[in-house]
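Any read-out appearing in this document is the output of simple, stated calculations on the displayed coordinates, not a laboratory observation. Keep in mind that what you see is a predicted model, and the values were worked out from it rather than measured. As a convention, Cβ positions derive from the backbone with ideal geometry for all residues, glycine included, and neighbour counts pool all protein chains shown.
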Amino acid sequence: MASSSLAARILVACLSGAVLVACTSALGNFTIDDSQVGDGGKEGGGTSAADGSFAVVDGGGTTDGGAEVDANTRPMCGGGTGHFIFVTSDTWPGNFGGTVAPIATATALCKAAAKAGNLPGTYNAWLSTGATQMPGDILTVPLFLPDCTPVIKNITAYKNSQGNLDHGINQDQFGKPVAAGPAWTATKWDGTFVGGSPTEQTCGNWNDNGTVTQAKGVVGNVGAQDDKWSDANQVPCSTHAHLYCVQVK
């Protein structure tokens with residue numbers, strides 16, 4: 001892989017005012033969209049007006065100032081300090097296809113979705129039971145949609161507002177729009193369990209697909225910007241709903 005200083009020199013040489021400039025060099029095929037370039041660019045990275053980040057991809061997987069990621073993944077957002085969050089393109093009933101380990105299964109579904117979307121990092125499902133809820137440190141960094149639209153710009157402001165988002169979570173793992181609809185959560189805006197009976201709140205700890213009379217699960221509203229993004233209402237467990245997936249590292 002070429003050094004970051006070489007990438008910076010090629011970057012300067014290639015910026016000729018065109019919207020898209022492709023260069024061939026020691027880096028191989030080097031492509032940069034100069035709509036992402038703002039003032040104050042630094043070697044191996046710079047800034048953009050949208051989210052304060054600028055990613056240079058040199059064909060070997062260097063983005064945002066030199067952090068190594070797989071060459072096929074999308075650039076990191078927020079200068080590499082933020083994490084991704086998305087809603088799955090697929091939907092499932094309240095038992096995620098019939099499993100005795102629902103949280104692990106939901107997390108595996110999120111990991112598979114992130115891999116399909118070429119998103120870097122490790123992911124958890126935003127999902128709780130009476131015994132399991134989100135890790136306490138899951139909301140410590142800004143969150144972004146796959147296209148780097150900020151969802152939570154400032155964690156303190158998010159907590160002070162008790163769950164108001166800067167933008168609704170309405171993109172799937174590919175960055176494509178997802179229409180309004182339900183996402184299984186049983187989780188409040190702060191990542192804690194909503195409380196109550198597992199039968200009424202979590203489809204019997206996510207083991208029921210509607211075969212148990214009156215079984216329901218709590219869902220969030222996809223695309224909502226208030227706390228109802230995570231805790232909106234209860235729906236029958238036969239409902240096919242999405243999952244929210246959040247990057248944890």
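Taking the criterion of being within 18 Å of THR107 (Cα to Cα), part of a loop (DSSP other than H, G, I, E, B) and not β-branched (Val, Ile, Thr), the residues of the stretch 210-249 that qualify are SER230, HIS240, LYS249. Residues in the stretch 165-187 that are surrounded by fewer than 21 Cβ atoms within 10 Å (Cβ to Cβ), farther than 20 Å from THR239 by Cα and in contact with a strand residue (DSSP E or B) (Cβ under 9 Å, 6 or more places away or on another chain): ASP166, HIS167, GLY168, PHE174, GLY175, PRO177.
Tell me, please, whether a residue that is surrounded by fewer than 18 Cβ atoms within 10 Å (Cβ to Cβ), touching a residue at least 60 places away in the same chain (Cβ under 8 Å) and of a type outside the set (D, E, K, R) can be found in the stretch 118-126. Yes, the stretch 118-126 contains a residue that is surrounded by fewer than 18 Cβ atoms within 10 Å (Cβ to Cβ), touching a residue at least 60 places away in the same chain (Cβ under 8 Å) and of a type outside the set (D, E, K, R).
In the condition set (1) of a type in the set (Ser, Thr, Tyr); (2) free of Cβ contacts under 8 Å to residues at least 40 places away in the same chain; (3) buried (at least 17 other Cβ atoms within 10 Å of the Cβ), THR202 is compliant with all but (2).
Residue-by-condition table, conditions (1) surrounded by 15 or more Cβ atoms within 10 Å (Cβ to Cβ); (2) in contact (Cβ under 8 Å) with a residue 60 or more places away in the chain:
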position: ASN209; (1), (2): yes, yes
position: THR213; (1), (2): no, no
position: GLY223; (1), (2): yes, no
position: ASP227; (1), (2): yes, yes
position: SER230; (1), (2): yes, yes
position: ASN233; (1), (2): no, no
position: LEU243; (1), (2): yes, yes
position: VAL248; (1), (2): yes, yes
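Residues of the stretch 198-235 that are among the hydroxyl-bearing types (Ser, Thr, Tyr) and within 15 Å of GLY94 (Cα to Cα): THR199, THR202, THR211, THR213.
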